[in-house]
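Everything on this sheet refers to the single structure shown next.
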Amino acid sequence: MTTFVDRVELHVAAGNGGHGCASVHREKFKPLGGPDGGNGGRGGDVILVVDQSITTLLDYHHSPHRKATNGKPGEGGNRSGKDGQDLVLPVPDGTVVLDRNGEVLADLVGQGTTYVAAQGGRGGLGNAALASARRKAPGFALLGEPGHADDIVLELKTVADVALVGYPSAGKSSLISVLSAAKPKIADYPFTTLVPNLGVVTAGSTVYTIADVPGLIPGASQGRGLGLEFLRHVERCSVLVHVLDTATLESDRDPVSDLDVIEEELRQYGGLDDRPRLVVLNKIDIPDGKDLADMIRPDLEARGYRVFEVSAVARTGLKELSFALADIVAKARAARPKEEATRIVIRPKAVDDAGFTVTREEDGLYRVRGEKPERWVRQTDFNNDEAVGYLADRLNRLGVEDELMKAGARAGDGVAIGPEENAVVFDWEPTMMAGAEMLGRRGEDHRLEAPRPAAQRRKDREAERDEAQREFEGFDPF
(Lines give C-alpha, C1' and ligand atoms only; values in the text may rest on other atoms or scores of the structure.)
Protein backbone atom coordinates (compact mmCIF):
# COMPACT_ATOMS: atom_id res chain seq x y z
CA MET A 1 0.00 0.00 0.00
CA THR A 2 1.28 3.48 -0.89
CA THR A 3 2.45 5.37 2.20
CA PHE A 4 4.42 8.20 0.59
CA VAL A 5 3.16 10.48 -2.18
CA ASP A 6 5.10 13.55 -3.30
CA ARG A 7 3.07 14.61 -6.34
CA VAL A 8 -0.70 14.90 -6.68
CA GLU A 9 -3.22 16.65 -8.87
CA LEU A 10 -5.75 18.46 -6.71
CA HIS A 11 -9.15 19.69 -7.81
CA VAL A 12 -10.11 22.65 -5.62
CA ALA A 13 -13.36 24.60 -5.63
CA ALA A 14 -14.15 27.56 -3.44
CA GLY A 15 -17.63 28.19 -2.10
CA ASN A 16 -20.22 30.17 -4.02
CA GLY A 17 -21.45 33.46 -2.64
CA GLY A 18 -24.99 33.54 -1.30
CA HIS A 19 -27.69 35.38 -3.22
CA GLY A 20 -29.00 38.69 -1.93
CA CYS A 21 -32.61 38.87 -0.80
CA ALA A 22 -35.34 41.07 -2.29
CA SER A 23 -37.79 41.76 0.52
CA VAL A 24 -40.14 44.55 1.63
CA HIS A 25 -40.73 45.24 5.30
CA ARG A 26 -44.32 44.55 6.37
CA GLU A 27 -46.03 45.06 9.69
CA LYS A 28 -49.38 46.26 11.00
CA PHE A 29 -50.32 49.65 9.58
CA LYS A 30 -47.14 49.49 7.44
CA PRO A 31 -47.84 47.08 4.62
CA LEU A 32 -44.99 48.54 2.56
CA GLY A 33 -42.36 49.72 5.00
CA GLY A 34 -39.41 49.83 2.63
CA PRO A 35 -36.80 47.32 1.43
CA ASP A 36 -35.19 45.08 4.05
CA GLY A 37 -33.51 42.30 2.07
CA GLY A 38 -30.15 41.24 3.50
CA ASN A 39 -26.89 40.52 1.68
CA GLY A 40 -25.68 37.05 0.83
CA GLY A 41 -22.71 35.53 2.64
CA ARG A 42 -19.22 35.17 1.14
CA GLY A 43 -18.17 31.77 -0.13
CA GLY A 44 -15.36 29.98 1.69
CA ASP A 45 -11.78 29.98 0.37
CA VAL A 46 -9.54 26.96 -0.17
CA ILE A 47 -6.27 27.70 1.64
CA LEU A 48 -3.04 25.68 1.66
CA VAL A 49 -1.08 25.96 4.91
CA VAL A 50 2.37 24.51 5.65
CA ASP A 51 2.29 22.08 8.57
CA GLN A 52 5.68 20.59 9.43
CA SER A 53 4.02 17.60 11.09
CA ILE A 54 2.79 16.53 7.64
CA THR A 55 5.36 14.65 5.57
CA THR A 56 3.39 13.32 2.61
CA LEU A 57 0.61 14.26 0.20
CA LEU A 58 -1.05 10.89 0.67
CA ASP A 59 -4.39 12.31 1.87
CA TYR A 60 -4.82 14.28 -1.35
CA HIS A 61 -3.85 11.25 -3.42
CA HIS A 62 -6.84 9.37 -2.02
CA SER A 63 -9.20 12.40 -1.92
CA PRO A 64 -8.22 14.78 -4.72
CA HIS A 65 -11.50 16.73 -4.82
CA ARG A 66 -11.79 19.45 -2.17
CA LYS A 67 -14.53 22.07 -1.91
CA ALA A 68 -15.23 24.86 0.56
CA THR A 69 -18.74 25.63 1.77
CA ASN A 70 -21.08 28.10 0.12
CA GLY A 71 -22.27 31.34 1.63
CA LYS A 72 -25.88 31.43 2.82
CA PRO A 73 -28.44 33.64 1.06
CA GLY A 74 -29.66 36.83 2.69
CA GLU A 75 -33.05 37.02 4.36
CA GLY A 76 -35.71 39.60 5.07
CA GLY A 77 -35.46 41.84 8.09
CA ASN A 78 -31.99 43.02 7.02
CA ARG A 79 -30.50 39.64 7.95
CA SER A 80 -27.32 38.89 6.03
CA GLY A 81 -26.43 35.33 5.11
CA LYS A 82 -23.69 33.48 6.93
CA ASP A 83 -20.25 33.39 5.29
CA GLY A 84 -19.02 30.05 4.02
CA GLN A 85 -16.32 28.32 6.06
CA ASP A 86 -12.80 28.39 4.66
CA LEU A 87 -11.30 25.00 3.85
CA VAL A 88 -7.75 24.82 5.24
CA LEU A 89 -5.58 22.08 3.71
CA PRO A 90 -2.31 21.27 5.53
CA VAL A 91 0.64 20.49 3.25
CA PRO A 92 4.24 19.46 3.98
CA ASP A 93 7.03 21.99 4.22
CA GLY A 94 8.55 22.42 0.76
CA THR A 95 5.38 21.99 -1.28
CA VAL A 96 5.34 23.67 -4.68
CA VAL A 97 2.00 24.64 -6.22
CA LEU A 98 1.78 24.55 -10.02
CA ASP A 99 -1.00 25.13 -12.53
CA ARG A 100 -2.02 22.70 -15.25
CA ASN A 101 0.63 24.13 -17.59
CA GLY A 102 3.45 23.62 -15.11
CA GLU A 103 3.81 27.29 -14.11
CA VAL A 104 4.78 27.77 -10.47
CA LEU A 105 2.04 29.52 -8.50
CA ALA A 106 3.59 29.33 -5.03
CA ASP A 107 6.55 27.81 -3.21
CA LEU A 108 5.45 27.01 0.33
CA VAL A 109 8.43 26.87 2.69
CA GLY A 110 8.25 27.54 6.41
CA GLN A 111 5.76 26.67 9.11
CA GLY A 112 2.47 28.52 8.69
CA THR A 113 3.08 29.75 5.13
CA THR A 114 -0.29 30.07 3.38
CA TYR A 115 -1.58 30.27 -0.17
CA VAL A 116 -5.17 30.82 -1.28
CA ALA A 117 -5.64 28.18 -3.97
CA ALA A 118 -9.26 29.12 -4.72
CA GLN A 119 -11.07 32.27 -3.66
CA GLY A 120 -14.68 32.20 -2.58
CA GLY A 121 -17.34 34.14 -4.47
CA ARG A 122 -18.76 37.42 -3.21
CA GLY A 123 -22.19 37.46 -1.71
CA GLY A 124 -24.89 39.33 -3.63
CA LEU A 125 -26.28 42.58 -2.28
CA GLY A 126 -29.84 42.58 -0.99
CA ASN A 127 -32.36 45.17 -2.11
CA ALA A 128 -31.86 47.14 1.12
CA ALA A 129 -28.24 47.80 0.09
CA LEU A 130 -29.32 48.68 -3.46
CA ALA A 131 -31.87 51.28 -2.38
CA SER A 132 -31.15 54.92 -3.17
CA ALA A 133 -32.98 58.21 -3.54
CA ARG A 134 -33.89 57.29 -7.12
CA ARG A 135 -34.44 53.61 -6.47
CA LYS A 136 -36.46 53.62 -3.27
CA ALA A 137 -37.56 49.99 -3.21
CA PRO A 138 -35.69 47.77 -5.68
CA GLY A 139 -37.68 44.73 -6.62
CA PHE A 140 -34.51 42.69 -7.18
CA ALA A 141 -31.26 41.67 -5.52
CA LEU A 142 -27.84 40.69 -6.86
CA LEU A 143 -26.86 37.07 -7.24
CA GLY A 144 -23.89 35.61 -5.42
CA GLU A 145 -20.73 35.06 -7.46
CA PRO A 146 -19.60 31.50 -8.13
CA GLY A 147 -16.45 30.47 -6.31
CA HIS A 148 -13.20 29.95 -8.17
CA ALA A 149 -12.45 26.37 -9.22
CA ASP A 150 -9.20 25.05 -10.65
CA ASP A 151 -6.97 22.03 -11.06
CA ILE A 152 -3.58 22.45 -9.41
CA VAL A 153 -0.55 20.21 -8.98
CA LEU A 154 1.21 19.83 -5.65
CA GLU A 155 4.84 18.71 -5.70
CA LEU A 156 6.81 18.01 -2.56
CA LYS A 157 10.47 19.00 -2.58
CA THR A 158 12.10 17.89 0.65
CA VAL A 159 13.57 20.73 2.67
CA ALA A 160 16.96 19.21 3.56
CA ASP A 161 20.45 20.67 3.93
CA VAL A 162 22.29 17.54 2.75
CA ALA A 163 21.23 15.06 0.07
CA LEU A 164 22.73 11.58 -0.21
CA VAL A 165 22.81 10.33 -3.79
CA GLY A 166 24.10 7.10 -5.24
CA TYR A 167 23.24 3.74 -6.74
CA PRO A 168 20.71 1.47 -5.04
CA SER A 169 22.24 -0.52 -2.17
CA ALA A 170 25.21 1.87 -1.90
CA GLY A 171 24.47 2.25 1.80
CA LYS A 172 22.61 5.57 1.88
CA SER A 173 19.90 4.33 4.25
CA SER A 174 22.47 2.75 6.54
CA LEU A 175 24.46 5.97 6.60
CA ILE A 176 21.47 8.16 7.46
CA SER A 177 20.41 5.73 10.19
CA VAL A 178 23.74 6.06 12.02
CA LEU A 179 24.17 9.80 11.46
CA SER A 180 20.69 10.61 12.77
CA ALA A 181 17.78 9.05 14.60
CA ALA A 182 15.99 8.12 11.36
CA LYS A 183 14.87 4.49 11.04
CA PRO A 184 14.72 3.70 7.32
CA LYS A 185 14.19 0.25 5.89
CA ILE A 186 17.53 -1.47 5.26
CA ALA A 187 18.04 -4.64 3.22
CA ASP A 188 20.56 -6.18 0.83
CA TYR A 189 18.56 -5.86 -2.38
CA PRO A 190 18.20 -2.93 -4.81
CA PHE A 191 15.41 -0.39 -4.45
CA THR A 192 14.90 -1.19 -0.78
CA THR A 193 14.21 2.51 -0.20
CA LEU A 194 11.12 3.62 -2.09
CA VAL A 195 10.66 6.99 -0.40
CA PRO A 196 13.09 9.73 0.67
CA ASN A 197 14.17 9.39 4.29
CA LEU A 198 14.84 12.49 6.35
CA GLY A 199 16.98 12.71 9.48
CA VAL A 200 18.26 15.44 11.79
CA VAL A 201 21.98 15.56 12.61
CA THR A 202 23.67 17.54 15.39
CA ALA A 203 27.37 18.33 14.93
CA GLY A 204 28.69 20.72 17.54
CA SER A 205 26.49 23.80 17.53
CA THR A 206 25.12 23.12 14.05
CA VAL A 207 21.90 21.21 13.51
CA TYR A 208 21.06 20.22 9.96
CA THR A 209 18.80 17.84 8.07
CA ILE A 210 19.96 15.04 5.82
CA ALA A 211 17.96 13.09 3.25
CA ASP A 212 18.67 10.12 1.02
CA VAL A 213 17.36 10.12 -2.55
CA PRO A 214 16.39 6.61 -3.63
CA GLY A 215 16.49 4.88 -6.94
CA LEU A 216 19.14 6.68 -9.03
CA ILE A 217 20.27 4.55 -11.96
CA PRO A 218 21.37 5.31 -15.55
CA GLY A 219 18.48 7.08 -17.29
CA ALA A 220 16.92 8.31 -14.05
CA SER A 221 16.55 11.87 -15.40
CA GLN A 222 14.47 10.44 -18.29
CA GLY A 223 12.21 8.42 -16.02
CA ARG A 224 13.99 5.09 -15.53
CA GLY A 225 13.82 3.47 -12.14
CA LEU A 226 12.68 5.79 -9.37
CA GLY A 227 15.06 8.65 -10.10
CA LEU A 228 12.71 10.98 -11.93
CA GLU A 229 10.19 10.61 -9.12
CA PHE A 230 12.65 11.73 -6.45
CA LEU A 231 15.29 13.90 -8.10
CA ARG A 232 13.18 16.94 -7.19
CA HIS A 233 14.03 16.26 -3.54
CA VAL A 234 17.65 17.35 -4.02
CA GLU A 235 16.78 20.79 -5.40
CA ARG A 236 16.70 22.56 -2.02
CA CYS A 237 19.84 21.00 -0.55
CA SER A 238 23.01 22.92 0.25
CA VAL A 239 25.45 20.05 -0.40
CA LEU A 240 25.39 16.79 -2.37
CA VAL A 241 27.06 13.69 -0.99
CA HIS A 242 27.97 10.88 -3.38
CA VAL A 243 27.77 7.58 -1.51
CA LEU A 244 29.91 5.04 -3.39
CA ASP A 245 29.84 1.31 -2.74
CA THR A 246 33.42 0.01 -2.50
CA ALA A 247 32.27 -3.57 -1.98
CA THR A 248 29.84 -4.02 -4.83
CA LEU A 249 29.28 -7.56 -6.03
CA GLU A 250 28.51 -6.53 -9.61
CA SER A 251 31.50 -7.14 -11.85
CA ASP A 252 30.56 -4.46 -14.41
CA ARG A 253 30.52 -1.65 -11.82
CA ASP A 254 33.14 0.32 -9.92
CA PRO A 255 32.85 3.40 -7.67
CA VAL A 256 34.37 5.84 -10.15
CA SER A 257 32.03 4.87 -12.99
CA ASP A 258 29.10 4.99 -10.54
CA LEU A 259 30.09 8.56 -9.68
CA ASP A 260 30.28 9.53 -13.34
CA VAL A 261 26.85 8.05 -14.06
CA ILE A 262 25.15 9.82 -11.16
CA GLU A 263 26.84 13.13 -12.04
CA GLU A 264 25.57 12.81 -15.61
CA GLU A 265 22.01 12.24 -14.35
CA LEU A 266 22.27 15.28 -12.08
CA ARG A 267 23.58 17.34 -14.97
CA GLN A 268 20.72 16.31 -17.24
CA TYR A 269 18.20 17.06 -14.52
CA GLY A 270 19.71 20.54 -14.25
CA GLY A 271 19.95 23.27 -11.65
CA LEU A 272 22.48 21.55 -9.36
CA ASP A 273 25.83 22.60 -10.78
CA ASP A 274 26.46 25.18 -8.07
CA ARG A 275 26.09 22.74 -5.13
CA PRO A 276 29.29 21.61 -3.38
CA ARG A 277 30.01 17.88 -3.54
CA LEU A 278 31.53 15.38 -1.13
CA VAL A 279 32.38 11.76 -1.81
CA VAL A 280 31.82 9.04 0.77
CA LEU A 281 33.49 5.68 0.19
CA ASN A 282 31.23 3.33 2.12
CA LYS A 283 31.69 -0.27 3.37
CA ILE A 284 35.41 -0.03 4.16
CA ASP A 285 34.82 -2.56 6.96
CA ILE A 286 35.05 -5.22 4.23
CA PRO A 287 38.71 -5.98 3.33
CA ASP A 288 38.17 -5.70 -0.41
CA GLY A 289 36.25 -2.47 0.14
CA LYS A 290 39.13 -0.92 2.07
CA ASP A 291 41.64 -1.89 -0.59
CA LEU A 292 39.47 -0.45 -3.37
CA ALA A 293 38.93 2.78 -1.39
CA ASP A 294 42.69 3.27 -0.97
CA MET A 295 43.12 2.64 -4.70
CA ILE A 296 40.58 5.15 -6.05
CA ARG A 297 40.93 7.87 -3.43
CA PRO A 298 43.85 9.67 -5.15
CA ASP A 299 41.92 9.76 -8.44
CA LEU A 300 38.85 11.29 -6.76
CA GLU A 301 40.92 13.88 -4.90
CA ALA A 302 42.63 14.78 -8.15
CA ARG A 303 39.18 15.66 -9.50
CA GLY A 304 38.73 18.12 -6.65
CA TYR A 305 36.46 16.05 -4.38
CA ARG A 306 36.80 15.84 -0.61
CA VAL A 307 36.79 12.12 0.13
CA PHE A 308 35.72 10.40 3.34
CA GLU A 309 36.12 6.71 4.03
CA VAL A 310 33.38 5.42 6.31
CA SER A 311 31.64 2.28 7.44
CA ALA A 312 28.00 2.59 8.46
CA VAL A 313 28.13 -0.89 10.00
CA ALA A 314 31.35 -0.38 12.02
CA ARG A 315 30.51 3.31 12.62
CA THR A 316 33.96 4.50 11.57
CA GLY A 317 34.73 7.83 9.92
CA LEU A 318 31.29 9.24 10.76
CA LYS A 319 32.38 12.03 13.09
CA GLU A 320 34.70 13.61 10.54
CA LEU A 321 31.99 13.38 7.87
CA SER A 322 29.34 14.86 10.14
CA PHE A 323 31.44 17.89 11.10
CA ALA A 324 32.54 18.47 7.50
CA LEU A 325 28.90 18.57 6.39
CA ALA A 326 28.03 20.89 9.29
CA ASP A 327 30.78 23.30 8.23
CA ILE A 328 29.50 23.45 4.63
CA VAL A 329 25.90 23.88 5.75
CA ALA A 330 26.85 26.69 8.15
CA LYS A 331 28.73 28.53 5.41
CA ALA A 332 25.79 28.11 3.00
CA ARG A 333 23.38 29.50 5.57
CA ALA A 334 25.63 32.46 6.27
CA ALA A 335 25.92 33.22 2.54
CA ARG A 336 22.16 33.38 2.05
CA PRO A 337 20.72 36.88 1.83
CA LYS A 338 18.85 37.90 4.93
CA GLU A 339 15.12 37.87 4.59
CA GLU A 340 13.63 41.32 4.80
CA ALA A 341 10.15 42.17 5.95
CA THR A 342 7.68 42.11 3.12
CA ARG A 343 7.03 45.58 1.81
CA ILE A 344 3.44 46.41 1.00
CA VAL A 345 3.36 48.14 -2.37
CA ILE A 346 0.17 49.95 -3.31
CA ARG A 347 -0.29 50.58 -7.01
CA PRO A 348 -3.45 52.65 -7.48
CA LYS A 349 -5.14 52.54 -10.85
CA ALA A 350 -4.91 55.52 -13.13
CA VAL A 351 -7.75 58.00 -12.85
CA ASP A 352 -8.79 57.38 -16.46
CA ASP A 353 -8.54 53.60 -16.18
CA ALA A 354 -12.06 52.25 -16.57
CA GLY A 355 -10.90 48.69 -15.98
CA PHE A 356 -12.32 47.16 -19.18
CA THR A 357 -11.56 46.79 -22.88
CA VAL A 358 -13.73 46.66 -25.99
CA THR A 359 -12.42 44.74 -29.02
CA ARG A 360 -13.97 43.94 -32.36
CA GLU A 361 -13.60 40.32 -33.44
CA GLU A 362 -13.41 38.91 -36.96
CA ASP A 363 -17.07 37.91 -37.06
CA GLY A 364 -18.12 41.48 -36.24
CA LEU A 365 -18.89 40.74 -32.61
CA TYR A 366 -17.78 43.33 -30.05
CA ARG A 367 -16.37 41.76 -26.90
CA VAL A 368 -16.20 43.56 -23.56
CA ARG A 369 -13.63 42.22 -21.08
CA GLY A 370 -12.98 43.55 -17.60
CA GLU A 371 -13.30 42.62 -13.97
CA LYS A 372 -16.25 44.88 -13.20
CA PRO A 373 -18.46 44.21 -16.26
CA GLU A 374 -17.93 40.45 -16.01
CA ARG A 375 -18.65 40.42 -12.28
CA TRP A 376 -21.78 42.51 -12.74
CA VAL A 377 -23.04 40.12 -15.41
CA ARG A 378 -22.49 37.13 -13.13
CA GLN A 379 -24.46 38.84 -10.38
CA THR A 380 -27.45 39.76 -12.56
CA ASP A 381 -30.71 37.82 -12.54
CA PHE A 382 -31.74 38.03 -16.20
CA ASN A 383 -35.23 36.79 -15.37
CA ASN A 384 -35.86 40.11 -13.61
CA ASP A 385 -36.38 43.10 -15.91
CA GLU A 386 -35.54 45.55 -13.17
CA ALA A 387 -32.23 43.78 -12.49
CA VAL A 388 -31.38 43.93 -16.19
CA GLY A 389 -32.15 47.64 -16.20
CA TYR A 390 -29.88 48.12 -13.19
CA LEU A 391 -27.09 46.31 -15.08
CA ALA A 392 -27.61 48.58 -18.08
CA ASP A 393 -27.34 51.63 -15.81
CA ARG A 394 -24.08 50.39 -14.29
CA LEU A 395 -22.52 49.60 -17.66
CA ASN A 396 -23.54 53.01 -18.98
CA ARG A 397 -22.05 54.81 -15.98
CA LEU A 398 -18.84 52.81 -16.39
CA GLY A 399 -18.52 54.08 -19.96
CA VAL A 400 -19.15 50.85 -21.87
CA GLU A 401 -21.60 52.50 -24.30
CA ASP A 402 -19.15 55.30 -25.06
CA GLU A 403 -16.36 52.82 -25.76
CA LEU A 404 -18.63 50.77 -28.01
CA MET A 405 -19.41 53.88 -30.02
CA LYS A 406 -15.71 54.73 -30.28
CA ALA A 407 -15.01 51.17 -31.48
CA GLY A 408 -17.54 51.65 -34.30
CA ALA A 409 -20.47 49.70 -32.91
CA ARG A 410 -23.91 50.54 -34.29
CA ALA A 411 -27.40 49.77 -33.17
CA GLY A 412 -28.14 46.07 -33.65
CA ASP A 413 -24.52 44.90 -33.53
CA GLY A 414 -23.74 41.91 -31.36
CA VAL A 415 -21.98 42.59 -28.06
CA ALA A 416 -20.56 39.91 -25.74
CA ILE A 417 -19.51 40.51 -22.16
CA GLY A 418 -17.09 37.91 -20.79
CA PRO A 419 -14.84 35.15 -22.18
CA GLU A 420 -15.85 33.04 -25.15
CA GLU A 421 -16.81 29.99 -23.09
CA ASN A 422 -19.08 31.89 -20.72
CA ALA A 423 -20.28 35.17 -22.19
CA VAL A 424 -23.57 37.07 -22.27
CA VAL A 425 -24.39 38.07 -25.85
CA PHE A 426 -27.02 40.64 -26.84
CA ASP A 427 -27.87 43.01 -29.67
CA TRP A 428 -26.73 46.45 -28.67
CA GLU A 429 -29.10 49.38 -28.68
CA PRO A 430 -27.68 52.71 -27.43
CA THR A 431 -29.43 53.80 -24.22
CA MET A 432 -31.54 50.69 -24.60
CA MET A 433 -34.84 50.23 -22.82
CA ALA A 434 -34.22 47.20 -20.67
CA GLY A 435 -37.81 46.66 -19.63
CA ALA A 436 -37.48 47.99 -16.11
CA GLU A 437 -38.73 51.36 -17.38
CA MET A 438 -42.17 49.80 -17.60
CA LEU A 439 -42.19 50.13 -13.83
CA GLY A 440 -41.74 53.90 -14.09
CA ARG A 441 -38.35 55.39 -13.46
CA ARG A 442 -35.80 52.60 -13.39
CA GLY A 443 -35.69 50.92 -9.99
CA GLU A 444 -38.71 52.61 -8.43
CA ASP A 445 -41.66 50.73 -6.93
CA HIS A 446 -45.01 52.47 -7.34
CA ARG A 447 -46.47 50.39 -4.53
CA LEU A 448 -44.79 52.74 -2.08
CA GLU A 449 -46.49 55.70 -3.78
CA ALA A 450 -49.96 54.14 -3.73
CA PRO A 451 -52.27 55.62 -1.01
CA ARG A 452 -52.84 53.39 1.96
CA PRO A 453 -56.53 52.71 2.76
CA ALA A 454 -56.42 53.93 6.36
CA ALA A 455 -54.44 57.01 5.48
CA GLN A 456 -56.75 57.77 2.58
CA ARG A 457 -59.83 57.54 4.80
CA ARG A 458 -58.18 59.84 7.30
CA LYS A 459 -57.39 62.34 4.56
CA ASP A 460 -60.97 62.14 3.28
CA ARG A 461 -62.38 62.83 6.73
CA GLU A 462 -59.99 65.76 7.19
CA ALA A 463 -61.01 67.15 3.80
CA GLU A 464 -64.71 66.86 4.69
CA ARG A 465 -64.10 68.58 8.02
CA ASP A 466 -62.19 71.40 6.38
CA GLU A 467 -64.93 71.87 3.83
CA ALA A 468 -67.58 71.99 6.54
CA GLN A 469 -65.50 74.51 8.47
CA ARG A 470 -65.21 76.77 5.46
CA GLU A 471 -68.93 76.59 4.81
CA PHE A 472 -69.66 77.43 8.45
CA GLU A 473 -67.30 80.40 8.45
CA GLY A 474 -68.86 81.72 5.27
CA PHE A 475 -72.42 81.33 6.51
CA ASP A 476 -74.21 84.69 7.19
CA PRO A 477 -77.76 84.36 8.76
CA PHE A 478 -78.54 88.08 8.12
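For R236, R42, what's the largest-to-smallest order of accessible area, 1.4 Å probe?
From most exposed to least exposed: R42, R236.
Partners of K331 within straight-line reach, counting lysines whose Cα lies under 27 Å from its Cα and excluding those fewer than 8 residues away in the same chain: K157, K172, K319.
Between V49 and D260, the simple spin-label model (points 7 angstrom out along Cα→Cβ) gives 5.3 nm.
Accessible surface for region 102-158, divided over its residues, is 42 Å² per residue with a 1.4 Å probe. Ranking D86, D273 by solvent-accessible area of protein heavy atoms (1.4 Å probe, all protein chains present), from largest to smallest, gives D273, D86. Once all protein chains are placed together, H19 keeps about 90 Å² accessible to a 1.4 angstrom probe. Just the protein heavy atoms count here, and of the accessible area of region 1-121 at 1.4 Å, carbon and sulfur take up 48 percent. Ordered by solvent-accessible area of protein heavy atoms (1.4 Å probe), largest first, the residues T380, T55 come out as T55, T380. What a 1.4 Å probe finds exposed on region 292-335 is 57% carbon and sulfur by accessible area, rounded to a whole percent. For D294 and R336, a Förster radius of 35 Å and the Cβ-Cβ distance give a FRET efficiency of 0.40, rounded to the nearest 0.05.
Multiplying the residue separation of D285 and N101 by 0.36 nm and removing their Cα-Cα distance gives an extension gain of 61.3 nm. For region 244-340, relative contact order (Cα pairs under 8 Å, six or more residues apart, normalised by length) works out to 25 percent.
Computed with a 1.4 Å probe on the full set of protein chains, the accessible area for R461 sits at about 130 Å².
Taking 7 Å steps out from each Cα toward its Cβ at D427 and K30 produces label points 4.7 nm apart.
For S205, the accessible surface of its heavy atoms amounts to roughly 120 Å² (probe 1.4 Å, protein chains only, rounded to the nearest 10).
The values are calculated or read from the model by the stated rules, or taken from the named source; none is laboratory data. Source: prediction; values computed, not measured. As a convention, Cβ positions derive from the backbone with ideal geometry for all residues, glycine included, and neighbour counts pool all protein chains shown. SASA here: full protein model, heavy atoms, side chains in, ligands and nucleic acids out. Shrake-Rupley method; radii C 1.70, N 1.55, O 1.52, S 1.80 Å.
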